[in-house]
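Okay, so here's the structure we're looking at.
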Amino acid sequence: MQFNGVLDHLKIYEAGKPIELVVREYGIDASDVIKLASNENPRGCSPKVIEAVRDEATKMNLYPDDSMYELKEALAQKYHVNESNVIIGAGSDQVISFAVHAKANPNTKVLMAGITFAMYEIYALQTGATILKTPSAGHDLAQMRDIYRANPDISLIFLCLPNNPLGECLETKEVYDFLDEISPETLVVIDGAYQEYASFKDPAKKILPNDIISKYPNTLYSGTFSKAYGLGGMRCGYGIAQPEIIKALLKLRAPFNITNLTLKAAIVALRDDAFVQASVKENFEQMKAYEAFAKELGFKTIESYTNFIVLEFDASQNSSVIAQKLMEKGIIVRNLGAYGMNAIRVTIGTPEQNKRFFECFKTLYM
Ligand SMILES: *Cc1c(COP(=O)(O)O)cnc(C)c1O
């Protein structure tokens with residue numbers, strides 16, 4: 001069968017391996033499998049969310065409130081914007097896909113960092129747009145500037161702050177200086193999936209959605225409940241932008257794109273900031289253990305402003321072999337071989353999970 005020709009250039013996105021797969025393939029008990037592959041919150045979510053979702057379960061027969069007023073209002077209050085500045089998606093992934101489909105087409109180009117969140121490229125290729133990446137792996141704004149100046153047909157730019165899968169993060173001031181030079185016709189998506197982490201570790205990297213969208217009306221900030229809030233399985237994310245942008249994205253949204261359980265979970269999660277702050281604090285305490293571990297074994301790391309860390313190996317090790325061996329022991333990490341790196345990305349787990357990772361790694365390699 002012939003399909004839309006743009007599909008010829010697309011690969012199917014490979015998500016982090018689920019625990020169920022390791023149970024099936026290696027016969028390991030599910031309770032012994034540790035997943036450090038998808039940057040989920042290892043502490044789970046706020047107990048208040050679980051309780052609220054349980055209560056909400058009796059309403060499964062009803063369609064959700066498609067205006068999503070309560071959640072938009074809560075986000076608007078938190079970020080000091082209006083409800084008309086907010087769009088909700090089934091994960092921020094969906095908001096990102098709306099942004100791409102609103103701006104990209106076969107006559108336009110999409111600019112991003114050399115190594116960044118894979119979905120930017122996948123969505124852009126769906127539209128037939130041309131992808132431009134900086135030669136350097138992480139965000140190099142001088143390179144982005146040069147590419148932007150040389151390509152007036154760039155309609156969309158992605159900045160992942162901090163960047164997945166590398167973990168680095170630009171300073172807010174550099175981002176603003178860069179935005180000063182971008183045409184109001186070019187949409188700049190600022191993906192803040194890990195902003196809760198970055199702004200805790202270094203306030204100079206904090207992005208304030210209300211500030212950035214008022215100074216630069218051509219920006220869209222995206223955030224998610226999947227990482228620090230611990231709600232990856234509920235699929236909820238949001239975009240914050242000027243109403244003109246939000247209205248364009250809403251044209252691409254199917255009705256009822258998130259469930260009423262999801263809506264409830266997100267609303268209650270937003271009220272429990274203490275849970276998020278405790279998670280983020282423990283994350284960076286545990287990150288130190290990974291840095292010490294890497295130093296001890298002579299692996300390079302990239303300074304991380306997220307809930308994961310990249311361990312880079314020299315030629316004596318092969319990251320795909322390491323990831324495979326760890327998986328056979330019930331520890332799932334992300335091999336970055338597909339990005340042309342000899343490295344793995346490890347989500348910071350609970351203290352117990354991290355301890356098991358270190359011990360297991362050492363039995364394999366010492
Ligand atoms: C996890 C992630 C997202 C979105 O996740 P959703 O679960 O779809 O909200 C977006 N961007 C980056 C960089 C991510 O790592």
Practice problem: Could you tally the net charge around I131, taking each other residue with its Cβ under 15 Å from the Cβ of I131, Lys/Arg +1 and Asp/Glu -1? | Solution: +1
Practice problem: Find which of A294, S183, P135 sits farthest along the positive direction of the dipole of the chain, computed with +1 on the beta-carbon of Lys and Arg, -1 on that of Asp and Glu, about the Cα centre. | Solution: A294
Practice problem: Find, among the GluC sites (Glu not before Pro) in the range 139-231, those assigned to loop by DSSP (not H, G, I, E, B) with at most 10 other beta-carbon atoms within 10 angstrom. | Solution: E185
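So, counting K/R as plus one and D/E as minus one, what does the shell of residues with Cβ under 10 Å around T224 add up to?
Working: positive: K227, R235; negative: D93, D191, E196.
So the environment of T224 carries a net charge of -1.
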Practice problem: Work out the charge dipole of the chain with +1 on the Cβ of Lys and Arg and -1 on the Cβ of Asp and Glu about the Cα centre, then indicate which of A124, V333, Y197 is farthest towards its positive end. | Solution: V333
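Order by neighbour count: H139, H9, fewest other Cβ atoms within 10 Å first, most last.
Details: H139 26, H9 12.
Placing the least packed residue first, the sequence is H9, H139.
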Quiz prompt | Whole-number D in µm² s⁻¹ for the chain, Kirkwood Cα-pair radius fed into Stokes-Einstein, 25 °C, 0.890 mPa s | solution = 115 µm²/s
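Based on Cα coordinates alone, diagonalise the gyration tensor for the range 163-307, multiply each eigenvalue by 5, take square roots, and list the semi-axes in whole Å, largest first.
Numbers: eigenvalues 165, 100, 32 Å².
Each semi-axis is the square root of five times an eigenvalue, giving 29, 22, 13 Å.
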Self-check item: Partner lysines for K173 [C-alpha distance under 21 Å; skip if fewer than 8 residues away on the same chain]
Solution: K201, K205, K206, K215
Quiz item: Do the alpha carbons of any pairs in K17/K227; K325/K355; K78/K133; K295/K362; K281/K355 sit beyond 24 Å of each other, and which pairs?
Solution: K78/K133
Quiz prompt | Within the range 147-225: Cβ-based charge dipole about Cα centre, in debye rounded to nearest 20 (Lys, Arg +1; Asp, Glu -1) | solution = 160 debye
Self-check item: Beta bridge orientation in the chain: antiparallel %, DSSP, nearest 5
Solution: 50 percent
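Can you give the longest stretch of the chain with no exposed loop site, where a site means trypsin sites (Lys or Arg not before Pro) in a DSSP loop (not H, G, I, E or B) with at most 12 other C-beta atoms within 10 Å? Working shown, then result.
Working: sites that count: K11, K251.
The segment 12-250 is the longest one with no such site.
Please state the charge dipole magnitude for the range 47-272, taken about the Cα centre, from unit charges on C-beta atoms (+1 on K and R, -1 on D and E), reported in debye and rounded to the nearest 20.
Details: 22 positive and 26 negative charges, 70 e Å.
Using Cβ point charges on Lys, Arg, Asp and Glu, the range 47-272 gives about 340 debye.
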Quiz prompt | GluC sites (Glu not before Pro) restricted to DSSP loop in the range 1-110 with at most 14 other C-beta within 10 Å | solution = E14
Self-check item: Dipole of the chain [Lys/Arg +1, Asp/Glu -1 at C-beta], most positive-end residue of L71, L364, I154
Solution: L364
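Tell me the net charge near A338. Cut-off is 10 Å between Cβ atoms, A338 excluded, with +1 for each Lys or Arg and -1 for each Asp or Glu.
Details: positive: K11, R334; negative: E14.
Taking every Cβ under 10 Å from that of A338, the sum is +1.
How large is the direction-averaged shadow of the alpha-carbon convex hull of the range 189-268, in nm²? Mind showing how you got there, number by number?
Numbers: hull surface 23.6 nm².
Averaging across all directions leaves 5.9 nm² for the Cα convex hull.
Here, each number is a calculation from the coordinates, and none is a lab measurement. Not measured: the values here are computed from a predicted model. Virtual Cβ from ideal backbone geometry, glycine too; neighbours counted across all protein chains shown.
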